[in-house]
Amino acid sequence: QVQLVESGGGLVQAGGSLRLSCVASGSIFSIATMGWYRQAPGKQRELVAVITSGGSTNYADSVKGRFTISRDNAKNTAYLEKTSLKPEDTAVYCCNLGVADGDYWGQGTQVTVSS
């Protein structure tokens, strides 16, 4: 069983920065694709960024150039570096670990960007 724990959320002013972390238990992190998703109140969950086991990345158009996803396999941790934050980035951010047999979700961390 894989458990994911996110941290790093909080309240930040527009234009500020935050770094989210997602720590995974178990031994499959290095072969997994890691993704960050977000869900704002009243909206559907959306994919923000993804990084494959080989390090390839992809981003939602709304965050390109502002957010950076990375991973440290030695620490079983995925990161989401967020800069130039906007009020519309306010959401609960969850990480996802995907492998061939299925995927796992963290509980999420709240990010609130004030204007």
(request) Restricting attention to the chain, give the cysteines that have no other cysteine Cβ less than 4.7 angstrom from their Cβ. (result) 94
(request) Give, as ranges by residue number, the residues of region 5-36 whose backbone N falls under 20 Å from the point 7 Å along Cα→Cβ of residue 88. (result) 12-18, 36
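Would you please give the FRET efficiency between residue 75 and residue 27, computed as 1/(1 + (r/R0)^6) with r the Cβ-Cβ distance and R0 = 22 Å, to the nearest 0.05? Working shown, then result.
On the way: r = 13 Å, r/R0 = 0.60.
The formula returns an efficiency of 0.95 here.
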(request) Send over a whole-number figure in Å² for the accessible area per residue of the chain, probe 1.4 Å. (result) 53
(request) Could you give the spread of the C-alpha atoms of the chain along their three principal axes, from largest to smallest, in whole angstroms? (result) 41, 25, 23
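Sorting check: for 87-94, 4-11, 29-36, which peptide has the highest mean count of neighbouring beta carbons within 10 Å, and how do the rest follow? Can you show the working numbers first?
Working: 87-94: 18.2, 4-11: 16.1, 29-36: 20.4.
Going from most to least packed, we get 29-36, 87-94, 4-11.
Roughly how big is region 11-115's charge dipole about its Cα centre, with Cβ charges of +1 (Lys, Arg) and -1 (Asp, Glu), in debye to the nearest 20?
Working: 10 positive and 8 negative charges, 46 e Å.
About 220 debye.
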(request) May I ask you to compute the full-extension gain from residue 57 to residue 114, defined as 0.36 nm times their residue separation minus their alpha-carbon distance, rounded to one decimal in nm? (result) 17.7 nm
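In units of 2.2 N^0.38 Å, what is the alpha-carbon radius of gyration of region 60-110?
Details: Rg = 12.6 Å, N = 51, 2.2 N^0.38 = 9.8 Å.
Ratio of Cα Rg to 2.2 N^0.38 Å: 1.29.
Can you pull the percent of the chain's accessible area that's carbon plus sulfur, 1.4 Å probe, other chains left in place? Please list the in-between numbers first.
Values: 2790 of 6090 Å².
Summing carbon and sulfur atoms, their accessible area is 46 percent of the total for the chain.
The values are calculated or read from the model by the stated rules, or taken from the named source; none is laboratory data. From a predicted model like this one, the values you see are computed outputs, not experimental measurements. Neighbour counts are summed over all protein chains in view; Cβ atoms, including those assigned to glycine, are modelled from backbone coordinates with ideal geometry. The accessibility values were calculated without ligands, DNA or RNA, using every heavy atom of the protein model including side chains. Shrake-Rupley method; radii C 1.70, N 1.55, O 1.52, S 1.80 Å.
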